[in-house]
Amino acid sequence: MRGDSLALKPKIEDLLRNAFGGMEQGPKPLKTALAFYAKQSGFPLGDFERFLGTAAAAGPNEPVRILFNDQLKRWDWVFGHFSL
């Protein structure tokens, strides 16, 4: 299973980047965005959800977790500092 997860990692990171890239105007439901981009790439969303749970538990230096943290900080900066 670990080898399968490692093989999925680049696809999952791309999927997350695409989903976050589609949220430039602010946060939206992540599962909806992931489902859209997963369908476009033919990637089974269930695999992503299983991997995401594993990545979140792996620790703060896990690349997928860093993607989430960076995006949350970006939204906090933009929408926390500049919203009217």
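So for region 8-16 (the condition being basic (Lys, Arg) and either part of a helix (DSSP H, G or I) or on the phi > 0 side of the Ramachandran plot (or both)), does at least one residue qualify? Yes, region 8-16 contains a residue that is basic (Lys, Arg) and either part of a helix (DSSP H, G or I) or on the phi > 0 side of the Ramachandran plot (or both). A count restricted to region 20-50 and to residues that are within 15 Å of Lys9 (Cα to Cα), among the aromatic types (Phe, Trp, Tyr) and under 11 Å from the mean Cα position of the chain (by Cα) stands at 1. Scanning region 17-45 for residues that are part of a helix (DSSP H, G or I) and of a type in the set (Lys, Arg), we see that the one that is modelled with the highest pLDDT is Arg17. Taken over region 61-83, the criterion of being assigned to a loop (DSSP other than H, G, I, E, B) and at pLDDT 85 or above is satisfied by Asn61, Glu62. Looking at Phe48, is it of a type in the set (A, V, I, L, M, F, W, C), assigned to a loop (DSSP other than H, G, I, E, B) and either in contact with a helix residue (DSSP H, G or I) (Cβ under 7 Å, 6 or more places away or on another chain) or loosely packed, with under 12 Cβ neighbours inside 10 Å (or both)? So Phe48 does not fit the description; no.
The values are calculated or read from the model by the stated rules, or taken from the named source; none is laboratory data. All figures in this text were calculated on a predicted structure; none of them were measured in a lab. Every residue, glycine as well, gets a Cβ built from its backbone with ideal geometry; the counts of neighbours run over all protein chains shown.
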